[in-house]
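K.L.:
Could you have a look at this structure, given as C-alpha cells, before my questions?
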Amino acid sequence: MKKTNKADKNRYESRAKIAPDSVEIDDAMLEQINQYALKPLTTNDVYVRSMYIVNDQVDSYDSKFTHESLIQIAGMLPGESVLKGHDVRTLPVARFFKSTVTQKPGSDALWVRAWFYWVKGTAEADDLLRNIDGGVYREVSLCWLYNKSTCSICGADIWQCSHNPGDYYENELCYYEMSEIKEVLEGSFVYKGGQMGTELAGVREIGRAHV
C-alpha cells in the first residue's frame, strides 16, 4: 500500500497466512464465549480455533505496529466478527472472544493471538471446520482504523512528508509505524495474506503475555 492512496489512509487491511491445529475448550474459554451468546453454550455446541493475526514486524505493505498498538488491537478484538473476504454485506461466520499480545514460539516478534468460535449444527459449520483444518482456508486479514502513521526516516506523518514507504534512503528502508488504533472492524478469511508467519493455532500453547 503506497501513501498516495490517501482515500484509505485511515483504513488498513492486514492479510496473513494461517495453518490449522486441534483445540480443546476449557471452562474459562466457555465462560468468555458465553458473554456473546444469548443462550448458554456448552463445549458440545461450539468449535474454536485461534490465530496469530498481526505482529510488530515490517509487513508487505511497508508498515508495522508499535507495541502499544498491538495491545490496543488485542483489547478491541473480543466480540468482533470473523467474515469471509472482508464482505461486510454478509453475516459473520464466527466471532472473536479472546485475544492477547504474546511471543510465538520460535519467533522473536510480538504477536496478537486471537481466539474465535462458531456454533455447531448450523448450515456451514462443518464446512468451515473442514476448510480450516484441511488447509483450504489458510490466510486471514484484520481490518481496522488508525489515527497516526509515522515515517521511519524522518519521524513525521507519512502522509505529509516527502518519503515513500518501500523506497530506500541511503540504504535504509522507509516504512511507517501505525499507532493510536481507533477501532478494530473485523477479521476475515482471504485469498492472500500480507503479514508473514501468521498462523492458526491450538490452545495448549498459550504463550508469554506482554503488557
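The values are calculated or read from the model by the stated rules, or taken from the named source; none is laboratory data. Treat the numbers as computed from the prediction; the structure is a model and nothing was measured. Cβ: placed from backbone, ideal geometry, glycine included. Neighbour counts: every protein chain shown. For the accessible areas, the whole protein counts, side chains as well, though only heavy atoms, and no ligand, DNA or RNA atoms are used. Shrake-Rupley method; radii C 1.70, N 1.55, O 1.52, S 1.80 Å.
K.L.:
Scan Gln57, Gln103 and give me the residue that is in contact with a Lys or Arg (Cβ under 9 Å, 6 or more places away or on another chain), of a type outside the set (Asp, Glu), within 23 Å of Lys148 (Cα to Cα) and surrounded by fewer than 17 Cβ atoms within 10 Å (Cβ to Cβ).
P.N.:
Just one listed residue meets the conditions, Gln57.
K.L.:
Out of Tyr117, Tyr137, Tyr168, report the one residue that is hydroxyl-bearing (Ser, Thr, Tyr) and farther than 27 Å from Leu30 by Cβ.
P.N.:
Sole residue among the options that is hydroxyl-bearing (Ser, Thr, Tyr) and farther than 27 Å from Leu30 by Cβ: Tyr168.
K.L.:
Also, I was wondering about something else. Can you tell me how many residues in the stretch 89-106 are in contact (Cβ under 8 Å) with a residue 12 or more places away in the chain, over 13 Å from Gly187 (Cα atoms) and assigned to a loop (DSSP other than H, G, I, E, B)?
P.N.:
Residues flagged as in contact (Cβ under 8 Å) with a residue 12 or more places away in the chain, over 13 Å from Gly187 (Cα atoms) and assigned to a loop (DSSP other than H, G, I, E, B) within the stretch 89-106 amount to 2.
K.L.:
Just the residues that are surrounded by fewer than 19 Cβ atoms within 10 Å (Cβ to Cβ) and either closer than 24 Å to Val112 by Cβ or not aliphatic (A, V, I, L, M) (or both), please, taken from the stretch 124-135.
P.N.:
Glu124, Asp126, Asp127, Leu129, Arg130, Asn131, Asp133, Gly134, Gly135
K.L.:
Considering only the stretch 174-196, how many residues are touching a His at 6+ places or on another chain (Cβ under 8 Å) and not small (Gly, Ala, Ser)?
P.N.:
3
K.L.:
Would you mind stating whether Ile181 is open to solvent by less than 70 Å² (accessible area, probe 1.4 Å), closer than 28 Å to Asp87 by Cα and modelled with pLDDT of 95 or more?
P.N.:
yes
K.L.:
Ok, one more. Do any residues in the stretch 140-156 that are over 11 Å from Ser179 (Cα atoms) and without any contact (Cβ under 8 Å) to a residue 40 or more places away in the chain have Cβ atoms under 9 Å from those of residues that are among the hydroxyl-bearing types (Ser, Thr, Tyr) and open to solvent by less than 40 Å² (accessible area, probe 1.4 Å), where the two are at least six apart or on different chains, and which pairs are they?
P.N.:
Sorted first by the residue in the stretch 140-156, then by its partner, the pairs are Cys151/Tyr176; Ser152/Tyr176; Ala156/Thr150.
K.L.:
Could you tell me whether any residue of the stretch 85-92 is open to solvent by less than 30 Å² (accessible area, probe 1.4 Å) and at pLDDT 95 or above?
P.N.:
Within the stretch 85-92, none of the residues are open to solvent by less than 30 Å² (accessible area, probe 1.4 Å) and at pLDDT 95 or above.
K.L.:
Filter the stretch 62-84 for residues that are open to solvent by 30 Å² or more (accessible area, probe 1.4 Å) and touching a Phe, Trp or Tyr at 6+ places or on another chain (Cβ under 7 Å) and give the result.
P.N.:
Of everything in the stretch 62-84, those that are open to solvent by 30 Å² or more (accessible area, probe 1.4 Å) and touching a Phe, Trp or Tyr at 6+ places or on another chain (Cβ under 7 Å) turn out to be Asp62, Lys64, Pro78, Glu80, Lys84.
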